[in-house]
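Visitor: Handing you this structure, nothing more for now.
Read-outs: derived from the displayed coordinates by stated rules, not from any lab. None of the values given here were measured: they were computed from a predicted structure. Note: ideal-geometry Cβ built from the backbone for every residue, glycine included; neighbour counts use all protein chains shown.
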Amino acid sequence: MLQDDDVQAVQKLNEAARLITDQLARVIVGQHQVIEELLVAMFARGHCLLVGVPGLAKTLMIRTLAEALSLQFSRIQFTPDLMPSDITGTEVIQEDRATGARELRFLPGPIFANVILADEINRTPPKTQAALLEAMQEHQLTVGGKRHQLSEPFFVLATQNPIEQEGTYPLPEAQLDRFMFNTFVDYPGEDEELEIIKRTTADVTTEVAPTLTADEIIQLQHIVRRVPVADGIARYALALARNTRPNQEGAPPFIRDYVSWGAGPRASQYLVLGGKARAVIQGRFFVSESDIQAVAYPVLRHRIMTNFNAEAEGVKPDEIVRRLIEHVNRNTDRMPVEGVPEVLK
């Protein structure tokens, strides 16, 4: 039974998402799908990898989102000579001028913020990329044997250029798996590109008003976790993840033909969490199959490792996800979701 507090909570998050989207629209033209996926990842406590060619406002989008959320923002430009301590911080020897005593003092790095823009993350060596692993998973850092807790909320939003791969270091699968979403940023439409030209060639400065505080975002994240999921929907998400594994019994033939490694259990978790966040953003306190399908592409595309056959035939991970959804829809026993409330207005 849906309680009054739950109804108010859903309405609050739905309104918050609308306000944030309106503020982003003051600066960003189009990219509605990308913005929705960023919000879903944020309210689900996930990290996001944005992949797109240069000039599509990936960095501007993340910076504007941080401004709209009234959070501490930090931009890290990844370069080949960047060291792990340049991200995490380091310990230095500090002398007390009065007593002459010396002690180690920790100087925090740029990762100690709420929103981290890891710009062109694939331009730095693996040892520096790995400096983010503990922070992304545990929301803490261990430096010099001491743990340092990161401030909540904490999001890593990384960008990557898919076409310029010379001199870059592809992210290892272990690090890719830490990202909840792999979001594609595509070219704008013709009318959108015309609007971009008009806005960026005029002497106009657009300001973004903060809409949510850190405490409010944490509260909204708890609301997402409280959204119930019917067993049928959870099994639907589970079927999508498990059927990506070529050695799994009952895996479809195209998975065995084109996939070397499939998605792990974290994919199932993120499918459900993403479905919850998307449902609440749209004003519903229940998850439907359409929510799971909507987040299936950003959740699964970087967790499916294709083989030589797929590369030779030009089969991309998104095509595999599309076929996978069709296969699961045909072969999974559908369980009706009973007792769900109507979409909240």
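Visitor: What is the antiparallel percent of DSSP beta bridges lying wholly in the chain, to the nearest 5?
Guide: 45
Visitor: Something else now. By how many nm would the segment from D96 to E326 grow when fully extended, if each residue of separation counts as 0.36 nm and the alpha-carbon distance is taken off?
Guide: Value of the extension gain: 76.0 nm.
Visitor: Work out how far the C-alpha atoms of the chain reach from end to end along every principal axis, then list the three figures in whole Å, largest first.
Guide: 75, 51, 46
Visitor: Could you list log10 I(q)/I(0) for the stretch 1-142 at q = 0.12, 0.17 Å⁻¹, which the Debye formula gives when each Cα is one point scatterer?
Guide: -0.64, -1.02
Visitor: Using only the alpha carbon atoms of the stretch 227-334, find the Kirkwood hydrodynamic radius as the inverse mean reciprocal pair distance, in angstroms to one decimal.
Guide: 13.9
Visitor: Now for a different question. How far apart, in nm, are two points set 7 Å out from the Cα along the Cα-to-Cβ line at L60 and at Q8?
Guide: Taking the simple label geometry, L60 and Q8 are separated by 4.0 nm.
Visitor: Can you give me the C-alpha center-to-center distance between the stretch 249-276 and the stretch 53-96, rounded to a whole angstrom?
Guide: Taking the Cα centre of the stretch 53-96 as reference, the centre of the stretch 249-276 is 32 Å away.
Visitor: Oh, and also: Under 14 Å from the Cβ of L157, count the other residues' Cβ atoms, weight Lys and Arg +1, Asp and Glu -1, and hand me the total.
Guide: +1
Visitor: Order 232-238, 219-225 from most to least packed using the mean count of other Cβ atoms within 10 Å.
Guide: On the way: 232-238: 20.3, 219-225: 17.1.
Per-residue mean Cβ counts within 10 Å order the peptides as 232-238, 219-225.
Visitor: Please list 146-156, 204-214 highest first by mean number of surrounding beta-carbon atoms within 10 Å per residue.
Guide: Ranking, from highest mean packing down: 146-156, 204-214.
Visitor: Could I have the simple spin-label model distance between E319 and Q140, label points 7 Å from Cα toward Cβ, reported in nm to one decimal?
Guide: Distance between the two pseudo-spin positions: 4.6 nm.
Visitor: Explain nothing, just the number: relative contact order of the chain, from Cα pairs under 8 Å at least 6 residues apart, as a whole percent.
Guide: Dividing the mean separation by the residue count of the chain yields 22 percent.
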